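Student: One structure is given below, represented as structure tokens, and several questions about it will come after.
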Amino acid sequence: MTDGGPAEYTPAGDAPNELRMRFLTLGCQHCENPACVKVCPVGATFRDEETGIVRQDYDKCIGCRMCMSACPYTGVRSFNWEEPAYPQDFAMGDANAAEHQKHTVEKCTMCYHRVSDGRRPACADVCRAVARWWGDVEDPNSDIAKILAKRSYETLLPEKGTKPSVYYLV
């Protein structure tokens, strides 16, 4: 997602001081009011009330892609047309992560398998730029709540009413 000109890598504004361009990593927004959950005909997409993570049960998913159509955040879900392929001829990553399956929709799981064990999502742990934070925004003593109290931030597409749980610092 860019906040720039009409094409990717094209800045917007007037040179030299008004130019702007920004890139955002875009994944599932783990919404409080997820549109994807409402349209799933088999309950494969659901919101875990304890963690707030929007989850996908790949064993239930029938591959109808209704969740992909309903989600206002374009491109955060993908459909597996083929059997999963791995560069090393075997699955890699956390052994507790859900396995990829043919003919199912996938999305960021916010590393539910890690969060449920009291760990942070892997993206927050491995980000060398310390650009990803994780925590309970409702806990005023958490690092993320302190950051949001001091910094300007935004959520994406607030007008859609999904109430995303991912905040972008500006």
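The values are calculated or read from the model by the stated rules, or taken from the named source; none is laboratory data. Here the structure is a predicted model, which is why all the values come from computation and not from measurement. Heads up, the Cβs are rebuilt from the backbone with ideal geometry, glycines too, and the neighbour counts pull from every protein chain shown. When the accessible area is computed, the model is the full protein with side chains, heavy atoms only, and any ligands, DNA or RNA have been set aside. Shrake-Rupley method; radii C 1.70, N 1.55, O 1.52, S 1.80 Å.
Student: For the range 74-113, state which trypsin sites (Lys or Arg not before Pro) are in a DSSP loop and have at most 13 other beta carbons lying within 10 Å of their beta carbon.
Tutor: On the way: sites: Arg77, Lys102, Lys107; in loops: Lys102.
Those that pass, being in a loop and sparsely packed, are Lys102.
Student: Follow-up. Out of Gly52, Pro84, Leu26, whose Cα points farthest toward the positive end of the dipole of the range 1-135 (charges: +1 Lys, Arg; -1 Asp, Glu; placed on Cβ)?
Tutor: Positive-end residue among those listed: Gly52.
Student: Same structure again: Just to confirm, what accessible area per residue do you get for the chain at 1.4 Å probe, in whole Å²?
Tutor: Details: 11200 Å² over 170 residues.
That works out to 66 Å² for each residue.
Student: Can I ask one more? What is the distance, in nm, between label points placed 7 Å from the Cα along the Cα-to-Cβ direction at Glu49 and at Val76?
Tutor: 2.2 nm
Student: I want to check a number: in the chain, how many lysine pairs have alpha carbons closer than 18 Å, given a sequence separation of 8 or more or different chains? Show your work: numbers first, answer last.
Tutor: Numbers: Lys38/Lys60; Lys38/Lys107; Lys38/Lys160; Lys38/Lys163; Lys60/Lys102; Lys60/Lys107; Lys107/Lys163.
Here the count comes out as 7.
Student: Show the residues, 5+ positions off or on another chain, whose built amide H is closer than 5 Å to the amide H of Arg47.
Tutor: Answer set, sorted by chain and number: Arg55.
Student: In a solvent-free Debye calculation with one equal scatterer on each Cα, what is log10 I(q)/I(0) for the range 1-108 at q = 0.12, 0.16, 0.17 Å⁻¹, listed in the order of the q values?
Tutor: -0.56, -0.82, -0.88
Student: Which of Pro72, Pro16, Pro140 moves most in a GNM of the chain, Cα contacts under 10 Å?
Tutor: Maximum among the listed residues: Pro16.
Student: Separate question: Computing the accessible area with a 1.4 Å probe over protein heavy atoms, can you report the carbon and sulfur percentage for the chain?
Tutor: Working: 5560 of 11200 Å².
Carbon and sulfur together cover 50 percent of it.
Student: Tell me, what is the 1.4 Å probe accessible area of Val54, in Å² to the nearest 10?
Tutor: 0 Å²
Student: Moving on. Can you tally the net charge around Arg47? Count Lys and Arg as +1, Asp and Glu as -1, for every other residue whose Cβ sits under 9 Å from the Cβ of Arg47. Display every interim value, and only then the final one.
Tutor: Details: positive: Arg55; negative: Glu32, Asp48, Glu49.
Net local charge, Arg47 excluded: -2.
Student: Name the cysteines of the chain that stand alone by the Cβ rule: no other cysteine Cβ under 4.7 angstrom.
Tutor: Here Cys31, Cys40, Cys61, Cys64, Cys71, Cys111, Cys123, Cys127 come out as lacking a disulfide-compatible partner, given the Cβ-Cβ threshold of under 4.7 Å.
Student: When Lys and Arg each count +1 and Asp and Glu each count -1, what net charge do the other residues less than 14 Å away from Cys31, Cβ to Cβ, add up to?
Tutor: Details: positive: Lys38, Arg47, Arg55, Arg77, Lys107, Lys160, Lys163; negative: Glu32, Asp48, Glu49, Glu159.
Result for the local shell: +3.
Student: For the range 152-161, what does the Karplus curve 6.51 cos²θ - 1.76 cosθ + 1.60, with θ = phi - 60°, yield as ³J(HN,Hα) per residue in whole Hz, taken in order and with x for Gly and Pro?
Tutor: 6, 8, 8, 10, 8, 6, x, 5, 7, x
Student: Then there's this: Only sites in a loop by DSSP and with at most 10 other Cβ atoms within 10 Å count here; which GluC sites (Glu not before Pro) in the range 126-170 make the cut?
Tutor: Numbers: sites: Glu138, Glu154, Glu159; in loops: Glu138.
Listed in order of number, the matching sites are Glu138.
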